[in-house]
1. Residue by residue through region 285-303, note down the ones that are modelled with pLDDT under 95 and buried (at least 19 other Cβ atoms within 10 Å of the Cβ).
2. Taking region 222-243, which residues are in a helix (DSSP H, G or I) and either without any contact (Cβ under 8 Å) to a residue 24 or more places away in the chain or not assigned by TED's automatic domain parsing to the domain that holds residue 264 (or both)?
3. Which one of these is exposed (fewer than 14 other Cβ atoms within 10 Å of the Cβ), under 30 Å from residue 276 (Cα atoms) and free of Cβ contacts under 8 Å to residues at least 40 places away in the same chain: 55, 60, 70?
4. Kindly evaluate residue 187 against the criterion of being surrounded by 13 or more Cβ atoms within 10 Å (Cβ to Cβ), assigned to a strand (DSSP E or B) and modelled with pLDDT of 80 or more.
5. Which of the residues belonging to region 6-16 are surrounded by 14 or more Cβ atoms within 10 Å (Cβ to Cβ) and either in contact with a helix residue (DSSP H, G or I) (Cβ under 9 Å, 6 or more places away or on another chain) or not assigned by TED's automatic domain parsing to the domain that holds residue 59 (or both)?
6. Select from region 139-176 the residues that are part of a strand (DSSP E or B) and more than 17 Å from the chain's Cα centre (by Cα) and list them in ascending order.
C-alpha cells in the first residue's frame, strides 16, 4: 500500500516507530517534539483501509485530506525533510563475471575482456510527490520517482523492489563515488517525468465518448438557439430597436456557447498540480567493471555496473 509506506517512511524519518499489527493497521509512537501536531498524543493507531477502520473504531482512518496525513505533510513542508540512506548488502562480489557480462552484452559483436574490477558507491535519487488533479472534482495521489544517478535514467525497477533493501542512517562503506550529484538537475528530471506520467495516465482514463457526446450536445443546443435568432432577424417590418436586440442576443448566445464548451473541456482535462514532499538519496555499493570489446581491429572500452540488490548489470 503506497500511502501506508509513505506515512511509515515519514514517521521513521521523524524518529518515531511504526508497528504493523495486521493488514492496513499499525500502531505508531510519535516523538515528543512532534506530539503538538497530533493533539499532544504520543500513541496513535492508524488504519489505511476503510473497512479495517470500521472494524477498529479506536484507529484513525488515513486517506487524502485526513487529519493525520495533513499533519504529517505539514511537518514535511516545515522541516523540509531530506535524508541520506546507506544500504546494507550481503555480498558484492560477482561469481564468473566475464560469462555474466558476456550474457548481458549478448547482442554485442567481438571479444570481451575485463580490464578492471572494483567496488564503488552507486546513488539513487528518490523524490516523493503529491499529485492533485483538479477537474470538477479534486483527486489526490502520491507517487515517487527513482533516478539511477550513474545511468542518468528513471529506474522503475528499483522503485518496484525497494522493499528488498535494508539501510542505515550512517555510512557503512568507504567506496568511492564516481559521479557528482546535481540535485537541481535531478529534481527537474524527476518532476518532468512525474508530470508527463500523470498527464498520460489521465489521458488514458478519460472517457472520450462522453466528452464528444457533451461537446455535440452543447454545440447542437446553441446552434439551434442561433438559428432561431437568425430567423427572427429576417422577419419583415421589425424595428431598428428590435434588430439591435436580436444582434445583442446573437452575441450573448455565442459567448455562452464558448463558456459552456470551456467548462466541459476543464471538466474532462482539468489541471494537474505537482508538489514535492521530500527527497532521499540512497547510497548502494556496486561492483564496477571496466571492459574492452575488440572487434575487427577496433577496441571499445566501456563501464558496466553490477547492482547487488537486483542481481543485474547496467551501463
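1. Once the filter is applied, which keeps residues that are modelled with pLDDT under 95 and buried (at least 19 other Cβ atoms within 10 Å of the Cβ), region 285-303 yields only 291.
2. Filtering region 222-243 for residues in a helix (DSSP H, G or I) gives 222-233, 240-243.
Scanning region 222-243 gives 223, 224, 227, 228, 230, 231, 232, 233, 240, 241, 242, 243.
3. Values: 55 fails: under 30 Å from residue 276 (Cα atoms); 60 fails: exposed (fewer than 14 other Cβ atoms within 10 Å of the Cβ).
Selected residue: 70, the only one of 55, 60, 70 that is exposed (fewer than 14 other Cβ atoms within 10 Å of the Cβ), under 30 Å from residue 276 (Cα atoms) and free of Cβ contacts under 8 Å to residues at least 40 places away in the same chain.
4. Details: surrounded by 13 or more Cβ atoms within 10 Å (Cβ to Cβ): yes; assigned to a strand (DSSP E or B): no; modelled with pLDDT of 80 or more: yes.
No, not satisfied.
5. Residues of region 6-16 that are surrounded by 14 or more Cβ atoms within 10 Å (Cβ to Cβ), as a first pass: 6-11, 13-14, 16.
Once the filter is applied, which keeps residues that are surrounded by 14 or more Cβ atoms within 10 Å (Cβ to Cβ) and either in contact with a helix residue (DSSP H, G or I) (Cβ under 9 Å, 6 or more places away or on another chain) or not assigned by TED's automatic domain parsing to the domain that holds residue 59 (or both), region 6-16 yields 6, 7, 10, 11, 13, 14, 16.
6. Here is the first cut: in region 139-176, the residues part of a strand (DSSP E or B) are 139-148, 153-154, 166-168.
Correct list: 166, 167, 168.
The values are calculated or read from the model by the stated rules, or taken from the named source; none is laboratory data. Keep in mind that this is a model prediction, so the values were computed, not measured. A quick note on method: Cβ atoms are made from the backbone with ideal geometry, for glycine too, and the neighbour counts reach across all protein chains shown.
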